Structures are given as structure tokens and as C-alpha cells.
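*Asks:* The structure that follows is given in the form of C-alpha cells.
The values are calculated or read from the model by the stated rules, or taken from the named source; none is laboratory data. On a predicted model such as this, the values are computed, not experimentally measured, just so you know. Note that we place each Cβ from the backbone using ideal geometry, even for glycine, and neighbour counts take in every protein chain shown. Ligands, DNA and RNA are excluded from the accessible area calculation, which covers all protein heavy atoms including side chains. Shrake-Rupley method; radii C 1.70, N 1.55, O 1.52, S 1.80 Å.
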Amino acid sequence: TGPIQLVHLAGLAAGSEHAEYAGEDELRAAITIGFDGVLHSIQALGDLPGSRGVRLLTVSRGAVQVIGGDVPTPYGAFGHGLGRVAQHEYPGLTWHGTDLDPAPAGPGREAGQLAHELLAESVEPAVTGWRRGRRWQPDWAQVDTGPEQAGAEQAGAEPVWRPDGVYLITGGTRGLGLALARRLVGLGVRRLALVSRSATSHDAGVAASSVRASVAELRAEGAEILLLDADTSQPDQLRAAVAACRDRFGALHGVVHAAGIQASGMLQRQSAEQGHAVLGPKLLAMPALAELVSPATPAELRPELLVLYSSAITSFGGIGEGDYCAANTVLDSYGAALAASAPSTRVLTVAWGPWQHDEWQVTTAGGLADRAKQYRQRYGFTDDGGCAFLDRMLGAATGSVLAVRQSMADARAEWLAVLDLDALTGSTAAPPTGERFPRPQLRTEFVAPRTELERVIAEVWQAYLGIDRVGVHDPFFELGGNSLVGMSMVHAVESRLDTHIAPAVLFEHPTIAEFAAALDDTPGTGDAGDGLTTLLTTSSDRGQRRRRARSGVRK
């Protein structure tokens with residue numbers, strides 16, 4: 001009758017001896033085990049987190065840096081990234097992870113360590129580590145990056161970017177990659193290779209025209225820019241781009257891996273294939289990048305510098321970003337592993353907090369986008385400021401760093417407020433009362449609600465979708481619905497009916513008729529609608545579960 005404890009062991013899958021230098025096949029197999037397996041397990045929970053409570057423990061071995069030089073299997077960290085987001089998307093679910101010692105302590109001792117994690121009364125949503133028979137908890141230390149004029153601008157200091165150097169930037173034709181290219185040219189760097197999936201596109205679209213204009217500006221400042229088409233989720237294409245860069249410029253002094261695509265949405269509706277599309281550009285580039293810095297690569301061919309762009313979501317979590325968090329969590333581990341094992345290359349992984357300019361957010365609908373925008377405006381890096389801060393970090397740190405413009409305590413508190421699910425879904429607020437628009441043309445004919453339950457549901461849909469009338473067979477997603485709007489609507493129907501309804505009911509039955517039928521079909525006394533009584537729960541109970549889920553406290 002109590003909460004369910006789920007221990008996921010996908011992160012214990014064995015890897016090769018030096019998995020940080022693993023090939024594409026080994027990495028893809030790890031994605032299937034570590035990402036797909038944990039994603040499907042979370043989805044299979046259904047409404048258990050909301051109705052009974054679920055405590056999720058993700059387990060890995062040697063996938064997280066704990067004491068330094070102890071990350072032999074970086075791709076075991078997928079589950080930790082998914083769990084960190086799941087705790088925000090599933091009210092009633094709490095999560096933490098643990099990383100076992102790369103040197104196995106024996107089944108009995110490790111079983112005791114996992115029992116310790118399960119029996120802990122209250123745990124932070126973080127990844128603990130077991131090393132040398134002891135349990136380690138993560139903490140943060142501030143890095144002294146020196147004065148703000150650091151890098152090439154600091155008097156007497158050797159520049160971190162060589163004016164005579166050759167640098168390759170993945171994702172270099174837009175966003176943060178392009179911002180860095182502008183910074184490097186401004187510092188006197190004259191040879192850059194910018195890699196993207198459509199770097200040499202001749203399309204007439206706005207995006208392609210913007211790229212051409214930006215590259216023309218860099219060339220006007222005296223820089224020699226080599227545009228290279230390569231999909232970083234295809235390691236052979238990235239290897240070919242590196243070879244083309246060397247052929248053109250005769251050298252390669254540094255690589256900045258800034259490529260990536262935005263998250264695909266909330267876990268409950270995500271497919272493994274959608275997740276793979278997000279993981280690919282970040283992670284499937286790693287076999288080719290790791291080769292560059294490997295001990296097996298001749299010293300004269302190793303770049304001096306490898307910078308990996310990660311995200312602060314790996315520390316703070318998010319909503320609708322499970323695949324993106326998983327990708328960057330593993331990227332962090334790769335960076336830590338390579339920083340410890342690369343014989344001559346300086347490796348730095350930067351988990352960036354928000355930047356003021358974020359083209360991805362403009363496509364994100366709902367209150368989360370508004371909250372994130374306000375947060376970015378207050379605490380986001382400007383393009384110039386963020387790139388200058390990178391110079392300072394390169395002068396002060398190696399390994400993995402988190403870059404935010406607040407103290408950790410303040411950043412965590414404010415970001416958790418951004419992710420407040422009750423506020424985002426409007427479960428404590430009145431339905432929207434704004435302007436409503438005519439019903440769009442759909443593949444279905446309009447059919448008016450036929451029962452009282454369908455009328456209640458239709459009123460909610462119309463309010464939240466901003467449509468003057470919704471038919472009982474109109475598909476939710478064709479009406480412009482998304483996961484967050486759907487959760488808002490479910491909470492509103494809950495309030496009207498005084499019942500608990502799992503959000504999955506809507507996503508699996510995305511029309512009013514199907515949704516109403518699913519509620520009526522819930523086992524009950526047999527009369528139409530009586531099945532709803534078996535889902536009854538007080539709003540007070542729901543609120544308490546959600547507050548406990550956000551705080552990580554279980555009672």
C-alpha cells in the first residue's frame with residue numbers, strides 16, 4: 001500500500017576497457033540499454049507516481065566523476081539524466097542516482113550499498129557515488145576565473161586562443177557556435193572551420209540567408225572561413241570534416257563541440273526514436289572527437305584544446321527536456337573521462353546556464369517558455385559576455401564546470417520555481433478567459449457534445465485551446481495542443497469532477513469522446529460514470545504529493 005521503489009540497473013551494463021574511446025557500435029548499444037530501457041520503464045509507471053508515489057533510483061558503475069580519474073564508462077549515465085527530469089514531470093515521483101565503484105566490491109557489499117540508498121529517509125535529487133567503500137555526496141566549489149579582462153585581453157597573459165591557430169566549431173553557423181566564431185575573429189583568430197548539417201546550403205530561406213550574411217561579416221574582418229557540411233550524429237561525416245579542415249589549413253589546434261538540437265518533449269509522450277534524434281548530435285560525435293585526443297593518436301595530430309558545450313539542465317533538471325538532459329549528462333561524463341585520460345589535449349566541458357539569446361525557446365509553447373524567458377532576461381549570458389567568460393574558464397579550469405550567473409543556492413531555488421508544475425499547468429488557477437478563435441478546418445466533422453461529461457470536458461478544452469467550439473471527435477494535437485497544455489486541461493477536468501485523472505488518459509485518448517469513455521470505463525459499480533468514484537482523491541492529497549515531489553521529501 002506504500003510508495004513503490006524502482007531500482008533501475010541499466011547503467012551497470014559492462015563496457016570496453018576504455019569506454020571513453022568506444023566506437024559508434026558500442027555507444028549505440030549503450031543508448032538502447034541505458035536510454036531506451038529507462039525511458040520505457042518511466043513511461044510504464046503510468047499513474048503510479050500520482051496515486052501511490054514512486055521512488056526511482058538509477059544506478060551506474062564508473063559513469064560519474066566522484067574522486068577524479070574514475071569514469072571508465074561515461075555512457076552509463078543516461079538514466080541519471082532521465083531521472084532528473086522525470087521528477088519534475090511526474091508529481092509524486094522522487095529520484096536520485098548512485099554510481100558504484102568501477103572496481104566491483106562484490107555482490108553482497110554492493111547490494112548493501114543499494115539498500116543504503118533505498119532506506120535513506122530523505123535524499124537530494126542528485127547522484128551519490130560509492131568509492132573505496134565510502135559513500136560520497138556531490139558538492140560545488142566556486143572556480144576563481146580571475147579578473148574580467150582575462151584571456152587574450154589580460155595584460156601579460158598568454159592568449160587562450162592562438163591568433164595563428166586553427167579552430168573547428170561544430171554547430172558553428174548559428175547560435176552559440178556562431179557567437180564563439182565572432183568572438184574568435186574579434187580576438188585575431190584568422191582560420192576557422194564551421195561545421196553544420198547545412199553549412200553550405202544555397203537555400204533561399206531566412207535561416208540560410210542569415211548564415212551567409214554572418215559568414216560574410218567574418219570574412220570582411222579578414223578571417224578565412226571554411227564551411228563544412230557534416231551531421232555530427234554520423235561520426236564518419238565528422239571525421240571527414242576534420243580531415244577537410246586539416247587539408248585546407250594544414251593544422252588543427254582546437255575543437256569546440258557546440259552542436260545540438262532542442263529537446264523533443266515530455267517523457268510520457270516521447271518515443272525512443274525522438275530521443276535518439278536529440279542524443280545523436282551531442283553524443284554520436286564523441287567517437288570521432290575522442291579519437292582526436294586519444295593516446296593512440298600521434299601527438300602532432302592531437303589538438304591542444306577540446307571544449308564540449310553542455311547544459312546546466314544536468315544540475316537543475318527541466319520539463320520536456322528528458323532526452324536533452326540525458327544527452328548532456330553523458331556528455332559531462334565523457335568530458336570528465338577524456339580530461340583525465342587524454343595525454344596532451346586540454347579538455348573542458350562547460351554546462352552552460354541560460355543565454356539571453358536562445359532561438360530554441362521561441363518554438364516552446366505555454367507558460368514554461370514565458371518563465372524561462374524571464375529567467376534568461378535576468379540571469380542569461382549575453383553573446384559577448386558568455387564568450388568572454390569562456391576565455392576566463394579556459395584560463396582557470398579543466399574537466400567539468402558549471403557556468404551560471406548566480407550562486408548555486410540562488411540558481412537552484414529560482415530554477416525550481418520556473419519548473420513549478422502546479423503553476424505551469426494552472427492546476428491552482430482559473431481556466432484561461434482570453435479571446436477564442438473559430439474552429440480550424442480538420443479531417444473530422446464537428447459533432448457537438450452528447451452527454452454531461454462530454455460537455456464538461458469540451459468547456460475545458462475550449463478554454464485552454466482558445467477555440468470557440470470543439471467537437472467530440474476533434475483530435476487534441478490537431479487543435480494545437482501540446483503536453484503542458486494537456487496537463488493543464490487534465491487538472492482542470494480533475495477540479496470540475498473532483499477526481500484524480502492520470503495525464504496519460506488524455507494522451508492515450510486524445511478526443512473528447514475517447515477521453516470521456518475512458519473515464520466512464522474505469523471499473524466501478526456498473527452505472528455510467530460511477531467508475532469515476534474509484535479515482536477519487538482530494539485536491540489536498542494531490543497538493544501534498546506534488547509539494548513533496550518538488551522538495552524531495554517523502555512521508
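*Asks:* Looking only at the range 343-352, decide whether some residue is open to solvent by less than 50 Å² (accessible area, probe 1.4 Å) and either over 30 Å from Val38 (Cβ atoms) or at pLDDT below 95 (or both).
*Replies:* yes
*Asks:* Same structure, new question: Residues in the range 511-519: is at least one among the small types (Gly, Ala, Ser), buried (at least 18 other Cβ atoms within 10 Å of the Cβ) and modelled with pLDDT of 80 or more?
*Replies:* yes
*Asks:* The conditions are (1) over 27 Å from Glu321 (Cβ atoms); (2) at pLDDT below 90; (3) buried (at least 20 other Cβ atoms within 10 Å of the Cβ), and Gly486 fails exactly one of them. Which is it?
*Replies:* (1)
*Asks:* Which one is surrounded by the most Cβ atoms within 10 Å (Cβ to Cβ), of the residues in the range 208-231 that are in a helix (DSSP H, G or I) and of a type in the set (A, V, I, L, M, F, W, C)?
*Replies:* Looking at residues that are in a helix (DSSP H, G or I) and of a type in the set (A, V, I, L, M, F, W, C), I get Val211.
*Asks:* Now for a separate question. Look at Arg52 and say whether it is on the phi < 0 side of the Ramachandran plot, surrounded by fewer than 16 Cβ atoms within 10 Å (Cβ to Cβ), in contact with a strand residue (DSSP E or B) (Cβ under 7 Å, 6 or more places away or on another chain) and not small (Gly, Ala, Ser).
*Replies:* Yes: the conditions hold for Arg52.
*Asks:* Residue by residue through the range 97-143, note down the ones that are hydroxyl-bearing (Ser, Thr, Tyr) and part of a loop (DSSP other than H, G, I, E, B).
*Replies:* Ser122
*Asks:* Then there's this: On the basis of being modelled with pLDDT of 95 or more and of a type in the set (D, E, K, R), does Arg183 make the cut?
*Replies:* The answer is yes for Arg183.
*Asks:* Tell me which residues, restricted to the range 474-500, are in a loop (DSSP other than H, G, I, E, B) and either polar (S, T, N, Q) or more than 16 Å from Glu452 (Cα to Cα) (or both).
*Replies:* Asp474, Pro475, Phe476, Gly480, Gly481, Asn482, Thr499, His500
*Asks:* Hey, Gln268 hits all of (1) assigned to a helix (DSSP H, G or I); (2) out of contact with any Leu (no Cβ under 6 Å at 6 or more places or on another chain); (3) under 25 Å from Ala351 (Cα atoms) but one; which does it fall short on?
*Replies:* Exception for Gln268: condition (3).
*Asks:* Report the residue count in the range 215-241 for those that are touching a helix residue (DSSP H, G or I) at 6+ places or on another chain (Cβ under 6 Å), small (Gly, Ala, Ser) and within 20 Å of Arg190 (Cβ to Cβ).
*Replies:* 1
*Asks:* Could you list all residues from the range 13-36 that are of a type outside the set (Val, Ile, Thr) and surrounded by fewer than 20 Cβ atoms within 10 Å (Cβ to Cβ)?
*Replies:* Within the range 13-36, Ala13, Ala14, Ser16, Glu17, His18, Gly23, Glu24, Asp25, Glu26, Arg28, Ala29, Asp36 qualify.
*Asks:* Same structure again: Within the bounds of the range 402-416, is there any residue that is of a type outside the set (Val, Ile, Thr), over 30 Å from Leu187 (Cα atoms) and assigned to a loop (DSSP other than H, G, I, E, B)?
*Replies:* No - not one qualifying residue is present in the range 402-416.
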